[in-house]
1. Suppose R0 equals 30 Å; then what is the FRET efficiency for Leu22 and Cys130 from their Cβ-Cβ distance, rounded to the nearest 0.05?
2. Whole number please: convex hull volume per residue of the Cα set in segment 1-133, in Å³?
3. With +1 assigned to the C-beta of every Lys and Arg and -1 to the C-beta of every Asp and Glu, and no other charges, what is the dipole magnitude of segment 5-85 about the Cα centre in debye, to the nearest 20?
4. Using label points projected 7 Å from each Cα along Cα→Cβ, tell me how many nm separate Arg42 and Ile3, to one decimal.
5. Just order 95-108, 68-81 by mean Cβ neighbour count inside 10 Å, highest at the front, would you?
6. Computed from the mean reciprocal separation of all distinct C-alpha pairs, what Kirkwood hydrodynamic radius does segment 34-109 have, in Å?
Amino acid sequence: MAIADWLKRSVLPPVAAGAIRLFGKSMRLFTVGESRVDDLYRQGQRIIIAFWHGRQVMMPLAYRGSCASILISQHRDGELMARIMKSFGFGAVRGSTTRGGVQALRQLIREGQSGGDLVVTPDGPKGPACRVQQGVLYVAKMTGFPIVPLTFASSKKKSFQAGINCKFRILGAGGSLFGGSLSSSCDREQEKIW
């Protein structure tokens, strides 16, 4: 078991990161709608990037900023993901709704206050899938950062032209990344919760 653990922790992360980079280099990327995010960066604003739990693998290719901390669970699979994301230059804050959540939210807020973007999966590892939990809204309220949704999908069909949209073709398949600031709808959600 020790050899399997060593392989999983030491060999698999750089191999997985290399595969993500190779996959990214094999794509033709087209970006649409990124100007809102770029405007936020030009104004010196940090952001919270939010994407659904099952969509995280290709996200390092879409990040447009310079420094980000990702909320990653304390589970063993979270350790693997943290090591993969570290190879892309992301920091990891470890915790989730089921383990270490309060401390992780506090640490995430501190990371944001020190000048970095924040990255979260608002539906968390246990779900319910594609339903926003209160944690991301709390972090947005405490930091004042707008929430920017982002997603990845792959299809042979054309993608919707909404938000940040990256289209590419690889082996006959197309994919998309979407996003856009949700600060106004975030404010409405915060009013309901708080």
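Read-outs: derived from the displayed coordinates by stated rules, not from any lab. In this text, all values refer to a predicted model and were calculated from it rather than measured experimentally. Reconstructed Cβ throughout: ideal geometry from the backbone, glycine too, with neighbour counts over all protein chains shown.
1. Step by step, r from the Cβ atoms, then E = 0.55.
2. That works out to 124 Å³ per residue.
3. It comes to approximately 140 debye.
4. 5.7
5. Per-residue mean Cβ counts within 10 Å order the peptides as 68-81, 95-108.
6. Kirkwood radius, segment 34-109: 13.4 Å.
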